[in-house]
Each structure stands twice: as structure tokens, then as C-alpha cells.
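The values are calculated or read from the model by the stated rules, or taken from the named source; none is laboratory data. As the structure is a computational prediction, the values presented were derived from the model and not from experiment. For neighbour counting, all protein chains shown are included, and Cβ atoms are generated from backbone atoms with ideal geometry for every residue, glycine included.
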Amino acid sequence: MEQSLFSLHPNPGWATKESATDLSSDATTRSATDTSATDMVGKHCILELYDCDPSKLDDETFLRHTITTAAQRAGATLLNLITHRFEPQGVTGLALLAESHISIHTWPENGYAAVDVFTCGDHTMPEKACEVLCEDLGAGRHALRSFLRETPAALGTTERMPAVPIAA
């Protein structure tokens, strides 16, 4: 199911359990009384970009700038950006955010890019990053799936201990 960038959840803060619904096409909606999760940790967007400008998809410098702009527009804090240009074509980029990550993998020969944007917290708007990528890469069409990530209840109620290192 193709989804407009503007049809996402109207409240990026996800302030109430009632507003915590899965936005993907194969979604199952959680009720406010569901105890399998305690808190929303963030929002995850999977973006498919089609009919993009092949020269932009193969330009590592351009993609670094676009990913940086996307992170800023989402209200996220960019910690590190790693990119790699493949021969004869294609770029992979991974932006490490204080709030999680943005990744992109491009296939210039097909005018296609696969994008993953995951941000934690209620101050970020990953759909804004998706808008930047869609516009800047000149996508003729796109498909977007978005869903909320939830913290398992056990993480909130169980004391966690560091893992014991395995002897070499």
C-alpha cells in the first residue's frame, strides 16, 4: 500500500496509549489496555524511492549532504555519517543518530533507493527526513510504511545486568 508522506500520524509525540497504533498496511492495533508493551520508544519508517535521478543516487557527496539535511529536518542529532560508493555504481550510507539511525542503499541503474529511518523519543519526526530524501532524490514515486516501536514490558520491570564476557 502506498502512503503519502503527509498521511502519517498527526502527533509525532505519541503522547497517549490511545494514539499508539501501528501505521503499516498489515497493522494490528493495540488497545489502551494491552500490557505487552509499556512505552513507545520511537517511530520507524521504511521508504522505497522509485524513478529517482540516477546521477544523484550515485553521488556520494550529494547523498552525505542530503542525509545530513534529512537528520536536521527530523529534529535528530547526527553523531556520525558513514558512506561508501561502490564500483561501478551505487552508494550505501548510514547516519548514526543520538536518537537511532538513517540508512540508504541506492541502485542508480534502476533509479531506486531503499531507506530506513528510525528515531526514538517524542521530539523527532522521521517522516520529515523521508520528505527530504524523497524530494532531494527526485523520486517519481515512493512507498512508505511507518510503525511505532514499543518497549517490551519486561525491560521496564526487570533489573538488567551486564553480559558476562566469554573467555577466548
Residues satisfying the stated conditions in the range 75-124, i.e. in contact with a helix residue (DSSP H, G or I) (Cβ under 8 Å, 6 or more places away or on another chain), outside any strand (DSSP E or B) and aliphatic (A, V, I, L, M): ALA76
For ARG141: the one exception among (1) under 14 Å from the mean Cα position of the chain (by Cα); (2) exposed (fewer than 14 other Cβ atoms within 10 Å of the Cβ): (1)
Unmet requirement for ARG160, which otherwise passes all of (1) at pLDDT 95 or above; (2) among the basic types (Lys, Arg); (3) more than 20 Å from ALA76 (Cα to Cα): (1)
Cβ pairs under 6 Å, 6+ apart, first in the range 141-153 and among the polar types (S, T, N, Q), second outside any strand (DSSP E or B): SER146/LEU8; SER146/LEU23
Residue that is surrounded by the most Cβ atoms within 10 Å (Cβ to Cβ), among those in the range 60-71 that are of a type outside the set (A, V, I, L, M) and under 17 Å from SER103 (Cβ atoms): THR66
